[in-house]
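The values are calculated or read from the model by the stated rules, or taken from the named source; none is laboratory data. Since the model is a prediction, treat every value here as computed from it, not as a measurement. All Cβ positions, glycine included, derive from the backbone under ideal geometry; neighbour counts span all protein chains shown.
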Amino acid sequence: MDIIVCVKHVPDTTEAEVRIRPDKKDIEKEGLPLKINEWDEYAAEEAILIKERLGGTVVAITVGPPEAEATLRRVLAKGADMAIRVWDGSLEGSDGYVIAKVLAKTIEAKGLKYDLILTGAQAADDGFAVVGPMLAELLGIPHATLVKKEEILDGRVRVHRELEGGLEEVVELELPALLTIQTGINEPRYVSVMGIRRARKKPLEVLSLSDIGMGPDEVGPAGSWLEVEELFLPPAERVAEIIPGSPAEEAAKLLEILKSRGLI
Amino acid sequence: MMVGPIFVLAEHRAGELRDITFEMLTKGHELAEGLGTELVAILLGHEVDGMAQELAKWANRVLYVSDPLLKNFNADAYQAVLAHLIGERKPILTMIGHTAYGIDVAPSLAVQLGLPIATDCLDLCFEDGRLCVVRQVYGGKVNVRARLKEASSYIVTVRQAAFQPGEYGPLSGEVERVECPIKEEPKGRKFIGIVTPPPGAVDITAADVIVSVGRGIRDKENIPMIEELAELLGGVVACSRPIVDKGWLPKDRQVGSSGKTVKPKLYLAIGISGAFQHVVGMKDSELIIAINKDPKAPIFRFSDYGIVDDLFKVVPELIKQLKEIKGQA
């Protein structure tokens, strides 16, 4: 089973304070920790699990600047066989459609063989949730999104898709196919610093746009369907009154509020 | 020049139209009035005449395709039928829910037709014929206003609960049945079935008090502290998605779009950042209090009260003081 897994290196904003840049086109990324997109971590793990079960190869691809290699090294340390990073300055500001095109062109240009392509269900930064299904459409293969369980059958893959309200939809796709992976499908393994160091021996190829037969006018804002006008802070649905004080004072005040409402 | 209609893809499951359908129709109605064009509900399924009649109250026209091939949702079949309808009727905009069904079909449809798409939209408007959208980035911490590349037709997916289903009409729209453009089941994809989860030991939707815990709890070892607090408050423990992903609490405790929707008298959110997928399942609770050390955490935008502090200091205090109160009583 030959598998391609597409991953993204993203700013980790779960616990960080997010500030909007003065030109309002993006957030200040300086100082934010960067890491593998959470959904892609599960996708990479699933690819390695399938390889361990059935044999074959795993190739990781990312579209990103040199620092994105940290994410590729992580996937190599998990057990991928090789990695490809595609970048050009003109890719800055690309939407999901452009990224899908770049991935499709990379797979074609390198003549990569695959039975399965895995991506995360969405990215933690832009949250488009489009790259996987768009890539499948560009390659002319079937896809299923939000996959939380997979079983490889003879020439097919049976997947459970996560629906709203805890339901699951079971579908079968003909291979080759593309799956977008939902968090929780597996338990991503621990990757040690030593493991990442050892993975430095594995091949990591860097490609430019011309290597994959694309030009700068097809990517970035020029090739994108979506053009950012401005970022702004979301309005509040409720205005939270912030309870001040030490932890003891905060707790006391909170309990007072509950008492006044008859909740304790 | 005559502007094309606005399409809204009706979403239904187990014979019921889902809320997102009416939310999109309401927004679609407003946009259609602004552009002076028709609002068209698109309904795909099998034996869906009843639903078509219901939709007619909400749209100027209902286009419906009823065929055994469309009995169950299948992204490939839906895509083929939608591509046909869009090609034939040339809508200015096609609205699809940003749901498990919607995001399985919309992005590949957009690529097939070469039509600009924006996903997970919170708001939409037309400016000089160009579609503008509002969406969220960075886990709901920031909103972005974006414009789509100029085109004759656009596709969007719409976030659930972004619009309130409004009061207008009834429109008594014309119901038009369209011959199914596909004749056989898609080759690459086959529907097998729907799996319903077994009922859990605790029904969190029935609780008056919910103490809910998120990623901020850091370790499974810390969950008992939350359980103790919940017990002292006479409530139950629930959680956000990462806690279930890690296997620290069972799936039936998950609040949010892929879990349960709850409306307790008190929702105490501890160490929960407030990603939309969680918030949509709890935002209509009577009283919402959040404890989070990040003052910019989105959860505070949905809370009545907030404590910006370390939960590992505040929760033990709450437990201690609650015990004192109970001891006195």
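Structure values in brief
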{"quantity": "Failed condition for B:Ala77, given (1) free of Cβ contacts under 8 Å to residues at least 60 places away in the same chain; (2) closer than 24 Å to A:Glu137 by Cβ; (3) more than 9 Å from chain A (Cβ to nearest Cβ)", "calculated": "(1)"}
{"quantity": "Boolean, A:Leu209 is surrounded by 17 or more Cβ atoms within 10 Å (Cβ to Cβ) and either within 25 Å of the chain's Cα centre (by Cα) or modelled with pLDDT under 95 (or both)", "calculated": "yes"}
{"quantity": "Selection count where residues are free of Cβ contacts under 8 Å to residues at least 60 places away in the same chain and part of a strand (DSSP E or B), scope segment A:146-159", "calculated": "9"}
{"quantity": "Segment B:110-132: number of residues that are more than 8 Å from chain A (Cβ to nearest Cβ) and either within 17 Å of the chain's Cα centre (by Cα) or aliphatic (A, V, I, L, M) (or both)", "calculated": "7"}
{"quantity": "Residue within segment B:213-227 that is assigned to a helix (DSSP H, G or I), in contact with a Pro (Cβ under 6 Å, 6 or more places away or on another chain), within 12 Å of chain A (Cβ to nearest Cβ) and buried (at least 17 other Cβ atoms within 10 Å of the Cβ) present", "calculated": "yes"}
{"quantity": "Residues of segment B:8-24 satisfying the condition of being among the acidic types (Asp, Glu), more than 21 Å from B:Lys90 (Cα to Cα) and in contact (Cβ under 8 Å) with a residue 24 or more places away in the chain", "calculated": "B:Asp19, B:Glu23"}
{"quantity": "Residues within segment A:240-264 that are of a type in the set (A, V, I, L, M), assigned to a loop (DSSP other than H, G, I, E, B) and more than 38 Å from the chain's Cα centre (by Cα), tallied", "calculated": "2"}
{"quantity": "Qualifying residue in segment B:243-252 (condition: more than 9 Å from chain A (Cβ to nearest Cβ), under 16 Å from the mean Cα position of the chain (by Cα) and either farther than 25 Å from B:Val158 by Cα or not in a helix (DSSP H, G or I) (or both))", "calculated": "no"}
{"quantity": "Pairs with Cβ under 6 Å, 6+ apart, first in segment A:244-257 and more than 7 Å from chain B (Cβ to nearest Cβ), second aliphatic (A, V, I, L, M)", "calculated": "A:Lys253/A:Ile243"}
{"quantity": "Residue match in segment A:194-208 (condition: away from every other protein chain (no Cβ under 14 Å), closer than 29 Å to B:Arg147 by Cα, in contact with a helix residue (DSSP H, G or I) (Cβ under 7 Å, 6 or more places away or on another chain) and not in a strand (DSSP E or B))", "calculated": "no"}
{"quantity": "Count of residues meeting criterion [in a helix (DSSP H, G or I), among the aliphatic types (A, V, I, L, M), over 23 Å from A:Glu38 (Cβ atoms) and facing another protein chain (nearest Cβ under 8 Å)] in segment A:90-145", "calculated": "1"}
{"quantity": "Test: A:Asp211 is in a loop (DSSP other than H, G, I, E, B), charged (D, E, K, R) and either farther than 30 Å from B:Ala161 by Cβ or touching a residue at least 12 places away in the same chain (Cβ under 8 Å) (or both)", "calculated": "no"}
{"quantity": "Those residues of segment A:160-175 which are aliphatic (A, V, I, L, M) and within 9 Å of another protein chain (Cβ to nearest Cβ), in sequence order", "calculated": "A:Leu163, A:Leu167, A:Val170, A:Val171, A:Leu173"}
{"quantity": "Considering residues of segment B:134-150 that are hydrophobic (A, V, I, L, M, F, W, C) and at the interface with chain A (Cβ under 8 Å from one of its Cβ atoms) only, the residue farthest from the chain's Cα centre (by Cα)", "calculated": "B:Leu148"}
{"quantity": "Matching residues, segment B:1-27, being among the small types (Gly, Ala, Ser) and away from chain A (no Cβ under 14 Å)", "calculated": "B:Gly4, B:Ala10, B:Gly15"}
{"quantity": "When residues of segment A:1-24 are limited to those that are more than 9 Å from chain B (Cβ to nearest Cβ), in contact with a Gly (Cβ under 8 Å, 6 or more places away or on another chain) and not in a strand (DSSP E or B), the one farthest from A:Leu76 (Cα to Cα)", "calculated": "A:Met1"}
{"quantity": "Test: residue in segment A:215-230 that is farther than 30 Å from B:Ser153 by Cα, within 7 Å of chain B (Cβ to nearest Cβ) and either surrounded by fewer than 19 Cβ atoms within 10 Å (Cβ to Cβ) or in contact with a helix residue (DSSP H, G or I) (Cβ under 6 Å, 6 or more places away or on another chain) (or both)", "calculated": "no"}
{"quantity": "Residue in segment B:298-315 that is surrounded by the fewest Cβ atoms within 10 Å (Cβ to Cβ), counting only those that are more than 8 Å from chain A (Cβ to nearest Cβ) and touching a residue at least 60 places away in the same chain (Cβ under 8 Å)", "calculated": "B:Phe312"}
{"quantity": "Segment B:152-198, residues that are of a type in the set (D, E, K, R) and in a strand (DSSP E or B)", "calculated": "B:Glu174, B:Glu176, B:Arg177, B:Arg189, B:Lys190"}
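Listed here are the residues, each with its yes/no results for (1) farther than 22 Å from B:Arg13 by Cα; (2) in contact (Cβ under 8 Å) with a residue 40 or more places away in the chain; (3) over 14 Å from the mean Cα position of the chain (by Cα).
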| position | (1), (2), (3) |
| --- | --- |
| A:Gly120 | yes, yes, no |
| A:Ala123 | yes, yes, no |
| A:Gly132 | yes, yes, no |
| A:Ile141 | yes, no, yes |
| A:Gly166 | no, no, yes |
| A:Glu172 | no, no, yes |
| A:Gln182 | no, yes, no |
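Quick grid of which residues meet (1) out of contact with any Phe, Trp or Tyr (no Cβ under 9 Å at 6 or more places or on another chain); (2) closer than 30 Å to B:Gly188 by Cα; (3) not β-branched (Val, Ile, Thr):
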residue: B:Thr21; (1), (2), (3): no, yes, no
residue: B:Lys27; (1), (2), (3): no, no, yes
residue: B:Met51; (1), (2), (3): no, yes, yes
residue: B:Leu69; (1), (2), (3): yes, yes, yes
residue: B:Leu93; (1), (2), (3): no, yes, yes
